[in-house]
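Beneath this line is the structure, given in structure tokens, with notes to follow.
Values in this text are rule-based calculations from the coordinates and carry no lab data. Just so we're clear, the structure is a prediction, and the values are computed from it rather than from any experiment.
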């Protein structure tokens, strides 16, 4: 089942879009927090986004640009501001299509299905893990914070991936070592400690202080 995220502040339109998408058996999420659309994006991991231009706090162009920094997920702009300049701006910001309001529901669904076929018949979606504004791209192993990349070694990436996959839960040292062992890289407990400390220093230097918390005698957690 494809996941569709709707970023539309008009509740009537958002509900109508959600009902339409559910009738076509989409898993739908409508954004509620327009101050932090990226957080809802990272939690839901949609296959496609319907994005309005006029939104509270930040406009759709802003959120399109932010999403494009970490993902190539298909984005369709839906807006009553349908002049050529807005269409051009949408495409330049990374949108895949633009539909003017009011729109024909059948046309919208046809465009959604066509874009999903073009995107996912040839490539899998890349999950993005987020915590405290840091985005870990599991497709290419990159970590981004405040629009800047944080370089990670292979071990640091694997440690961070394991912790962020279990966000809010303590991960034992044994589990971390097992994760690294499966990569055919043997590490003892002292080497694990060194890797975690190096990772912490990189995160601290990037402004992510206390990103990883030690639970003495148990393991580590991001919370």
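Observations on the model:
- Net lengthening on full extension, residue 205/residue 221 (0.36 nm per residue, minus Cα-Cα): 3.8 nm
- Whole-angstrom gap from the stretch 135-180 to the stretch 1-78, using each part's C-alpha centre: 26 Å
- The slack in the chain from residue 10 to residue 66, taken as 0.36 nm per residue of separation less the alpha-carbon distance, amounts to 18.0 nm.
- The chain: most fluctuating residue of 36, 140, 195 per GNM, C-alpha cutoff 10 Å: 140
- Whether the stretch 3-120 is rounded, prolate or oblate, judged on the alpha carbon gyration tensor where a/c under 1.5 counts as rounded: rounded
- The mean of 1/r over all distinct Cα pairs in the stretch 44-95, once inverted, gives the Kirkwood hydrodynamic radius of 11.2 Å.
- With all pairs of different C-alpha atoms in the average, the Kirkwood value for the hydrodynamic radius of the stretch 128-221 is 13.4 Å.
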